[in-house]
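Notes for the one structure printed next.
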Amino acid sequence: MSEDRILLITGGSRGIGAATARAAGREGYRVIVNYRADEKAAQAVVADIARAGGKASAIQADAGEEKDIRRLFDAAAGQFGRITHLVNNAGIVGRAGPLADADPAMLKHVIDLNVTGAILVAREAVRQISTARGGRGGAIVNVSSIAASLGAAGEYTWYAASKGAIDSLTLGLAREVAREGIRVNAVSPGMIETDIHAAGGQPDRIERLGHLMPVGRAGRADEVAAAILWLLSEQASYVTGANIRISGGR
């Protein structure tokens, strides 16, 4: 029963994470909405899930810090029990520009969250979900990006590199824990209407470039969420190590 499934979403207060949280809540998952700073946004997602008849809780933690990650998983287990599902979503792009002009502190922040943090989040999830470690089994979905294969030249080459790491993590971990009751997959969104573009200093990016996509528009967060929910579900019971490109043909 989906009501027995406990889903943790890192970076769940906005964008793809929030859309996934709301969709999962409607399907009966108990949802932990992780956020770093915007408690108001996280609580709004929790309230939306509750209004739809679901159960959710917001937990603050920096998904780029090991001590916070450990605390997040301990708190989630304390509220709902050991998690069964994870959406490894927290990530940032940094400030857009060529690599030659990139601030080293910004690069470190991106890698600390997008790579090291994501790996540590996956580690803690395996410790709770694995049937070999007392868990009930379940699924992990890592949120990657088509930037990993496009390179994001002149804008976010470091971000592209960080998502290449997520692609490798997905494949390796899927094979590592396949016999421990855990499926591990990824989604690679393309240009999606979220505030990540504004955070990178390009608030008009969707308006400028969305119409250039093969399908003629940018994507929506709920369209990515639908793919994530499928990968989490038993409908994808024989799918592991996969990476679904959600890019409108790009």
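Annotations
- Using the Cβ-Cβ distance between Val215 and Glu180 with R0 = 41 Å, the FRET efficiency computed as 1/(1 + (r/R0)^6) comes to roughly 0.60.
- Summed side-chain charge close to Leu173 - residues other than Leu173 whose Cβ falls under 13 Å, Lys, Arg +1, Asp, Glu -1: +1
- Net length gained if the chain between Ala47 and Trp230 were fully extended (0.36 nm per residue, minus Cα distance): 63.5 nm
- Cα→Cβ-extended label distance, 7 Å offset, between Arg136 and Ala77, nm: 1.5 nm
- Derived value for the chain: Kirkwood hydrodynamic radius 17.9 Å. Basis is the mean of 1/r over every pair of different alpha-carbon atoms.
- The local environment of Ile146, defined by Cβ-Cβ distances under 9 Å, has a net charge of +3 under the rule Lys, Arg +1 and Asp, Glu -1.
- Charge tally in the Cβ shell below 14 Å around Leu120, where Lys, Arg are +1 and Asp, Glu are -1, Leu120 excluded: -2
- Using the alpha-carbon positions of region 1-99, Rg (one decimal) and Dmax (whole number) come out as 13.4, 48 Å.
- Each Cα pair under 8 Å and six or more residues apart adds its sequence gap; the mean of these over the residue count of the chain is a relative contact order of 19 percent.
- Calculated [222 nm] ellipticity per residue, helices only, for the chain: -12500 deg cm²/dmol; basis is -39500 (n - 2.57) per DSSP H run with n ≥ 4, divided by all residues, nearest 500.
- Span from the region 76-107 Cα centroid across to the region 5-34 one, whole angstrom: 16 Å
We did not get these values from a lab; they are worked out from the coordinates using the rules stated. The shown structure was predicted, so the numbers you read here are calculated from the model rather than taken from an experiment. Cβ: placed from backbone, ideal geometry, glycine included. Neighbour counts: every protein chain shown.
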